[in-house]
Amino acid sequence: MLAVLDSGWLAQGKVVAEFEECFAAATGSCYAVATSSGTTALQVALLAHGIGPGDEVITTPFSFVATANVILAVGARPVFADIEPDTFNLSPLAVAQAITPRTRAILPVHLFGHPADLPALLALADQHGLAVIQDACQSHGAAIAERPLGEFGTACYSFYPTKNITSGEGGMVTTDDAALADRARLIRDHGMRERYLHEVLGFNFRMTDLHAALGLAQLRRLDQFTQQRIANADRLSRDLAGVADITLPVIRPGYRHVFHQYTIRVAEERDAFVSRMRDQGVRCGVYYPRTIPQQPVYRTLGYQDACPNAEAAAREVVSLPVHPGLSADDLDAITAAVRRCR
Ligand SMILES: *Cc1c(COP(=O)(O)O)cnc(C)c1O
């Protein structure tokens with residue numbers, strides 16, 4: 001950090017380049033392009049894939065709102081396909097039914113750190129000539145069949161403080177495609193390769209070297225953090241097995257779930273459960289209490305409820321603490337509180 005300040009080069013300098021290189025290596029991709037946030041990473045990726053007005057992008061209704069907002073931001077139309085009830089991720093069957101002649105891309109989210117069914121989604125995309133842009137903002141370090149997400153095409157990450165690793169604010173686009181990486185770099189910096197020569201429409205979506213220095217330090221600890229999250233989740237699942245009226249998270253065989261969140265379902269009176277847990281001293285999160293189409297901004301655009309699995313999830317999910325800072329005593333207190341609150 002002090003070295004960055006001493007260097008006098010604060011924005012988009014050597015430390016950003018080093019963070020990009022290390023992050024590409026850590027996520028199994030050839031190129032990484034650092035951005036100012038996960039949201040701008042997604043926006044850059046959509047633009048670099050040439051997605052814009054008249055295009056439809058199929059995505060999940062059950063995610064943080066930025067996933068769909070970036071589709072609107074580039075002038076395209078989000079089309080919501082329902083989720084799988086067990087993993088909370090985009091259902092390939094529902095995606096297949098949502099494809100139209102205007103569909104240009106599929107934007108799956110690896111929600112809570114469990115990878116979406118990329119093999120099925122990539123097969124669909126291949127069949128219909130679509131791009132796949134992964135929202136990996138909650139899934140740093142996740143994998144399918146030991147293959148890191150970077151091996152499955154374009155992916156976008158966030159380094160917001162609540163994510164599995166942070167740079168304060170920041171994001172990253174990873175890809176194996178040199179031309180796509182080049183376009184992403186241009187779009188991130190005013191469409192400019194040569195000073196004051198603007199080749200394409202671009203913006204200021206750059207990362208600073210100060211943020212990159214934080215990100216690099218965190219990246220070195222990603223494996224350790226991830227292993228701790230997985231161990232915490234294992235312990236919660238072991239100690240909560242058999243508790244009535246809750247459904248524990250699943251892990252698909254061969255999938256590496258990195259537990260950004262440890263999310264259970266409470267089918268009856270979820271909100272009362274959350275407040276009883278708070279009274280027991282355990283803060284739970286509800287990600288997310290509404291689907292994206294249920295948000296007022298999407299209602300204004302004419303979106304209605306059409307994804308029953310997502311709507312049920314929004315009513316039933318509760319995330320228990322699982323972060324790497326928890327002690328064994330903390331985890332015991334959490335499971336004891338869940339038992340008392342049922
Ligand atoms: C956090 C998050 C984003 C946005 O990332 P920011 O860095 O906050 O802009 C997008 N999608 C998902 C699924 C996220 O969790």
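Structure values in brief
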quantity: Counted charge near Ala337, where neighbours are those whose Cβ lies closer than 11 Å (Asp, Glu -1; Lys, Arg +1); calculated: +3
quantity: Carbon + sulfur, % of accessible area of segment 140-229 - ligands and nucleic acids excluded, 1.4 Å; calculated: 51
quantity: Shape call, segment 1-143: gyration tensor on alpha carbons, a/c limit 1.5; calculated: prolate
quantity: GNM top mover of Ala26, Ala120, Ala155 - the chain, alpha-carbon springs below 10 Å; calculated: Ala120
quantity: Of all accessible heavy-atom area on segment 1-50, the percent that carbon and sulfur account for (1.4 Å); calculated: 62
quantity: Global geometry of segment 222-341, whether rounded, prolate or oblate, following the gyration tensor of its Cα atoms and the 1.5 cut on a/c; calculated: prolate
quantity: Carbon plus sulfur fraction of accessible area for segment 248-342, probe 1.4 Å, in percent; calculated: 48
quantity: DSSP-defined antiparallel bridges as percent of all bridges, the chain, nearest 5; calculated: 65
quantity: Length-normalised contact order of segment 222-341 in % [C-alpha pairs under 8 Å, at least 6 apart]; calculated: 35
quantity: Global form of the chain, assessed from the alpha-carbon gyration tensor, a/c cut-off 1.5; calculated: oblate
quantity: Normalised contact order of the chain, rounded percent, pairs of Cα under 8 Å and 6 or more residues apart; calculated: 21
quantity: Accessible area expressed per residue, segment 223-305, with surrounding protein chains retained (probe 1.4 Å, Å²); calculated: 54
quantity: Computed [θ] at 222 nm, deg cm²/dmol, the chain (DSSP H ≥ 4; -39,500 (n - 2.57); rounded to nearest 500); calculated: -11500 deg cm²/dmol
quantity: Per residue solvent-accessible surface (Å²) - segment 2-219, probe of 1.4 Å; calculated: 38
quantity: Restricting segment 78-179 to GluC sites (Glu not before Pro) in coil, as DSSP defines it, with at most 15 other Cβ within 10 Å; calculated: Glu146
quantity: Degrees, to the nearest 10: 222-240 long Cα axis against longest axis of the chain; calculated: 20
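The values are calculated or read from the model by the stated rules, or taken from the named source; none is laboratory data. It should be emphasised that the depicted structure is a prediction, and the values quoted were computed from it without experimental measurement. Using ideal geometry, Cβ is built from the backbone for each residue, glycine included, and neighbour counts are taken over all protein chains shown. To get the accessible areas, we keep the full protein, side chains included, count just its heavy atoms, and leave off ligands, DNA and RNA. Shrake-Rupley method; radii C 1.70, N 1.55, O 1.52, S 1.80 Å.
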